[in-house]
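The values are calculated or read from the model by the stated rules, or taken from the named source; none is laboratory data. Everything numeric here is computed off the predicted structure, so don't read it as measured data. All Cβ positions, glycine included, derive from the backbone under ideal geometry; neighbour counts span all protein chains shown. The area values use the complete protein model at the heavy-atom level, side chains included, leaving out ligands, DNA and RNA. Shrake-Rupley method; radii C 1.70, N 1.55, O 1.52, S 1.80 Å.
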Amino acid sequence: MSVRDVACELHVARSTVYRWLATGRGPKAFRLPNNELRIVRADFIEWLHKLGTDGTELLR
């Protein structure tokens, strides 16, 4: 998943996802050779489950 995909699924700005990733609050991510970030969907789902069923803790 791209940062844009994650932002769209959670209804937040891409800058919010970048901030979560930079501060270690986001899902596990990796960089492609072109320097773009990607998140494996399974890691994204696991991260959401750790937060709770709907992920609203992040939005507080």
Residues satisfying the stated conditions in the stretch 1-20, i.e. open to solvent by less than 40 Å² (accessible area, probe 1.4 Å), out of contact with any strand residue (DSSP E or B) (no Cβ under 8 Å at 6 or more places or on another chain) and among the hydroxyl-bearing types (Ser, Thr, Tyr) = 16
Condition set open to solvent by less than 40 Å² (accessible area, probe 1.4 Å), out of contact with any helix residue (DSSP H, G or I) (no Cβ under 7 Å at 6 or more places or on another chain) and not aliphatic (A, V, I, L, M), scope the stretch 21-60, selection modelled with the lowest pLDDT: answer is 52
For the stretch 6-20, how many residues are touching a helix residue (DSSP H, G or I) at 6+ places or on another chain (Cβ under 7 Å) and assigned to a loop (DSSP other than H, G, I, E, B)?
-> 1
Search the stretch 27-38 for residues that are within 12 Å of residue 5 (Cβ to Cβ) and pair each with any residue that is of a type in the set (Gly, Ala, Ser) when their beta-carbon atoms are under 6 Å apart and the residues are at least 6 apart or on different chains.
-> 37/29
If you scan the stretch 29-49, which residues turn out to be of a type in the set (Gly, Ala, Ser) and under 10 Å from the mean Cα position of the chain (by Cα)?
-> 29
